[in-house]
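The values are calculated or read from the model by the stated rules, or taken from the named source; none is laboratory data. Everything quoted here is computed from the prediction, not taken from an experiment. Neighbour counts run over all protein chains shown; Cβ positions are idealised from the backbone, glycine included. Calculation scope for accessible area: heavy atoms of the full protein, side chains included, ligands and nucleic acids excluded. Shrake-Rupley method; radii C 1.70, N 1.55, O 1.52, S 1.80 Å.
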Amino acid sequence: INIAKAIHWLSIPKKERGSFSMSDIKTMNHNTLMLERFFDVFGIYPYSTKNQNYVKELILYGTKAA
C-alpha cells in the first residue's frame, strides 16, 4: 500500500492532493487497463485533444469524490 500511495502522491502537485483511497487507485488502474484494451481493439487514438477529457473521465469512473 505504501508504494501505491507514494506513486499516487508523486504524480499530483502538492496543492491538488486530496485524500488517499487504495480502492480508488485499484479502480483507476483497472479502468486504465480496460481502456488501453479498447483502444487497441478498436483502433482509437486516445491522445488527441478531442479524446483527452473523455479518457480522463473514464479513468476516474467509479472512484469516490473526495
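Descriptive notes on the structure:
- Subset of region 36-47 (residues that are more than 15 Å from Tyr61 (Cβ to Cβ) and open to solvent by less than 100 Å² (accessible area, probe 1.4 Å)): Phe39, Val41, Gly43, Ile44
Residue-wise test of (1) at pLDDT 90 or above; (2) touching a Cys at 6+ places or on another chain (Cβ under 7 Å); (3) under 16 Å from Ala4 (Cβ atoms).
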| position | (1), (2), (3) |
| --- | --- |
| Lys26 | no, no, yes |
| Thr32 | yes, no, yes |
| Gly43 | yes, no, no |
| Pro46 | no, no, no |
| Asn51 | no, no, no |
| Lys56 | yes, no, no |
| Ile59 | yes, no, yes |
| Thr63 | no, no, yes |
| Ala66 | no, no, no |
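- All positions within region 1-16 that are of a type in the set (Lys, Arg) and within 15 Å of the chain's Cα centre (by Cα): Lys5
- Check on Met22, open to solvent by 60 Å² or more (accessible area, probe 1.4 Å), modelled with pLDDT of 80 or more, on the phi < 0 side of the Ramachandran plot and not β-branched (Val, Ile, Thr): yes
- The residue of region 8-35 that is farthest from Lys56 (Cα to Cα), among those that are polar (S, T, N, Q) and part of a helix (DSSP H, G or I), is Ser23.
- Residues of region 48-61 that are open to solvent by less than 60 Å² (accessible area, probe 1.4 Å) and in contact (Cβ under 8 Å) with a residue 12 or more places away in the chain: Val55, Ile59.
- Complete set of residues in region 17-38 that are farther than 21 Å from Tyr54 by Cβ and over 11 Å from the mean Cα position of the chain (by Cα): Arg17, Gly18, Ser19, Phe20, Ser21, Met22, Ser23
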